[in-house]
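As structure tokens, the structure follows; a few thoughts come after it.
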Amino acid sequence: MTEIEGSKFIERGAHKGKGIAVFTSGGDSQGMNAAVRSVVRMGIYLGCKVYFIREGYQGMVDGGSNIVEANWSSVSCIIHKGGTIIGSARCKDFREREGRLKAAKNLVENGITNLVVIGGDGSLTGADLFRQEWPSLLDELLKTNQITAEQREKYKFLQIAGLVGSIDNDFCGTDMTIGTDSALHRIIEAIDAIVSTAYSHQRTFIMEVMGRHCGYLALVAALTSEADYAFVPESPAPDNWQKKLCLKLEQERQAGQRLNIIIVSEGAIDRNGDPITAELVKKVVVDNLHQDTRVTVLGHVQRGGNPSAFDRILGSRMGAEAVMALMEADETTEPCVISLDGNQAVRVPLMECVKQTKAVAQAMADKEWEKAVALRGKSFMRNLETYKMLTRLKPPKDAFDEQGRGKVRFYVHFFIYNLNYVA
Ligand SMILES: Nc1ncnc2c1ncn2[C@@H]1O[C@H](COP(=O)(O)OP(=O)(O)OP(=O)(O)O)[C@@H](O)[C@H]1O
Ligand SMILES: O=P(O)(O)OC[C@H]1O[C@](O)(CO)[C@@H](O)[C@@H]1O
């Protein structure tokens, strides 16, 4: 790299002959293609041989035509596409050492010692383990005559850079994972559509959103749609949630609201760790309030469709940074995750992020809810506090007209004021 008046100039062909492979793993997410494109083009610019590994870890384990060299035009016209053009999978084989042994052999055979992993917490946890085991995997391959002593020596270091591609935003160490923003767009669009029909029929809608054990999507969806209630896994509803929920819905109706929206994260639980499903919430509302209530499960719509501008840029920036991280690494470098910190792309140690992400799961298993929320990070914590505060606030009396109905303009001011106040 050359310094030109304070800015870095990365020379074309500076890393000629190095082998890099990129693959996408776990649930697909919008923006993965932008990241793949960026890795390929940055790699080629630097003179590397860039490979696609198709179908995630399964392709790495199976090898053969799943590992193919990419060229500049293989990634033309994909930045706007949802999903991942190189396929993704959940792979049981890679969870076993035997599978990882086959994967190691395939990488050595293709001369690949640099990996860009684009996936969620599971994929990056797998990558962390793979990197730790690499020397012992090569030893075993050598011992069983599957690789030569020369190959053992030449490929002794495996460098890994992870990009967090998942709609769940459940990985510690980055502000936003690639795909979350687009999924939120899908969710908000759907809620806005539901609100109009709910208004006409004075209905209550329960919307189930994805996120696995992470409530980020549910929380931000609730905040941005003024939902009346939200169930998120990290901060389970109080034991008497049924009563509190019904009271809240009743209050809103009495204030003149024609509809209610409740957001349920697919991983929502109560304080005992038992699931709170959308159907269970519906039963509580119908049995107690006799409201006309419907459930909408958004499902994979959230993962589909074109990526937002944010996710395209995020994927592009992260992809280029991942290649640079690999090229600058030496045998002492720890594997890293390319993260978003504020507006900066930063490299953080993969092992640390995996450890912290596991700690969230542990805190939830131990029912240490406050710890779980804190471990999710500041932005999660602030969103949760904001939402709780907004839903606790009751409108003053002058928010109602003579018939006791809510004045719409008042609500708008009230909401905006409070949002500004807590932000
Ligand atoms: N502990 C692990 N050890 C080895 N491999 C793992 C491990 N966890 C996950 N993997 C590998 O990563 C793959 C993807 O993991 P997972 O299904 O958890 O999705 P993810 O990467 O978390 O993505 P998403 O957040 O979109 O679901 C698994 O199918 C498996 O092959
Ligand atoms: O597509 P699948 O394998 O059904 O997985 C669904 C899961 O994947 C995610 O979409 C991404 O992790 C989760 O939100 C959801 O629980």
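May I ask you to say which residue of Thr125, Thr84 is open to solvent by 10 Å² or more (accessible area, probe 1.4 Å), within 16 Å of ligand 2 (Cβ to nearest atom), closer than 25 Å to Gly211 by Cα and not in a helix (DSSP H, G or I)?
Matching residue, one of Thr125, Thr84: Thr84.
Filter the stretch 158-209 down to the residues that are open to solvent by 30 Å² or more (accessible area, probe 1.4 Å) and either aromatic (Phe, Trp, Tyr) or in contact with a Cys (Cβ under 8 Å, 6 or more places away or on another chain) (or both), then identify the one that is modelled with the lowest pLDDT.
Checking each candidate, the answer is Gly173.
Do you know which residues across the stretch 49-99 are of a type in the set (A, V, I, L, M, F, W, C) and within 23 Å of Gln132 (Cβ to Cβ)? Let's see the steps before the verdict.
Going through the stretch 49-99, the residues of a type in the set (A, V, I, L, M, F, W, C) turn out to be 50, 52-53, 60-61, 67-68, 70, 72, 75, 77-79, 85-86, 89, 91, 94.
If the condition is that a residue be of a type in the set (A, V, I, L, M, F, W, C) and within 23 Å of Gln132 (Cβ to Cβ), then Ile53, Met60, Val61, Ile67, Ala89, Cys91, Phe94 are the ones that fit.
Name the residues in the stretch 339-358 that are in contact with a helix residue (DSSP H, G or I) (Cβ under 6 Å, 6 or more places away or on another chain) and among the basic types (Lys, Arg), would you?
Arg347
Looking only at the stretch 214-234, count how many residues are open to solvent by 20 Å² or more (accessible area, probe 1.4 Å) and touching a Phe, Trp or Tyr at 6+ places or on another chain (Cβ under 8 Å).
Going through the stretch 214-234 one residue at a time, the tally reaches 4.
Here's the yes/no breakdown for (1) open to solvent by less than 50 Å² (accessible area, probe 1.4 Å); (2) of a type in the set (D, E, K, R); (3) without any contact (Cβ under 8 Å) to a residue 60 or more places away in the chain:
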| position | (1), (2), (3) |
| --- | --- |
| Arg12 | no, yes, yes |
| Val22 | yes, no, no |
| Ser25 | yes, no, no |
| Ala35 | yes, no, no |
| Ser38 | yes, no, no |
| Gly43 | yes, no, no |
| Val50 | yes, no, yes |
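Looking at (1) within 16 Å of ligand 1 (Cβ to nearest atom); (2) in contact with a helix residue (DSSP H, G or I) (Cβ under 7 Å, 6 or more places away or on another chain), which one does Phe310 not meet, given that it meets all the others?
All conditions are met except number (1).
Taking into account only those residues within the stretch 254-266 that are of a type outside the set (Gly, Ala, Ser) and at pLDDT below 95, which is most open to solvent (accessible area, probe 1.4 Å)?
Gln254
This table checks each residue for (1) in a loop (DSSP other than H, G, I, E, B); (2) within 16 Å of ligand 2 (Cβ to nearest atom); (3) closer than 25 Å to Lys394 by Cβ.
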site: Leu217; (1), (2), (3): no, yes, no
site: Pro233; (1), (2), (3): yes, yes, no
site: Ala237; (1), (2), (3): yes, no, yes
site: Gln242; (1), (2), (3): no, no, yes
site: Lys248; (1), (2), (3): no, no, yes
site: Glu252; (1), (2), (3): no, no, yes
site: Lys282; (1), (2), (3): no, no, no
site: Val285; (1), (2), (3): no, no, yes
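So which of Val68, Val61, Val22, Val50 ends up being at pLDDT 95 or above, assigned to a strand (DSSP E or B) and within 16 Å of ligand 1 (Cβ to nearest atom)?
On inspection, the qualifying residue turns out to be Val22.
Can we say Val68 is away from ligand 2 (no atom under 16 Å from the Cβ) and open to solvent by less than 10 Å² (accessible area, probe 1.4 Å)?
no
All but one of (1) farther than 28 Å from Arg37 by Cβ; (2) within 13 Å of ligand 1 (Cβ to nearest atom); (3) β-branched (Val, Ile, Thr) hold for Val164; which doesn't?
Val164 satisfies all of (1) farther than 28 Å from Arg37 by Cβ; (2) within 13 Å of ligand 1 (Cβ to nearest atom); (3) β-branched (Val, Ile, Thr) except (1).
Are any of the residues in the stretch 136-153 assigned by TED's automatic domain parsing to the domain that holds Phe94, touching a helix residue (DSSP H, G or I) at 6+ places or on another chain (Cβ under 9 Å) and closer than 29 Å to Asn33 by Cβ?
no
The values are calculated or read from the model by the stated rules, or taken from the named source; none is laboratory data. Quantities reported herein were computed from a predicted structural model and do not represent experimental measurements. Cβ: placed from backbone, ideal geometry, glycine included. Neighbour counts: every protein chain shown. Surface areas here come from the heavy atoms of the whole protein model, side chains and all, with no ligands, DNA or RNA. Shrake-Rupley method; radii C 1.70, N 1.55, O 1.52, S 1.80 Å.
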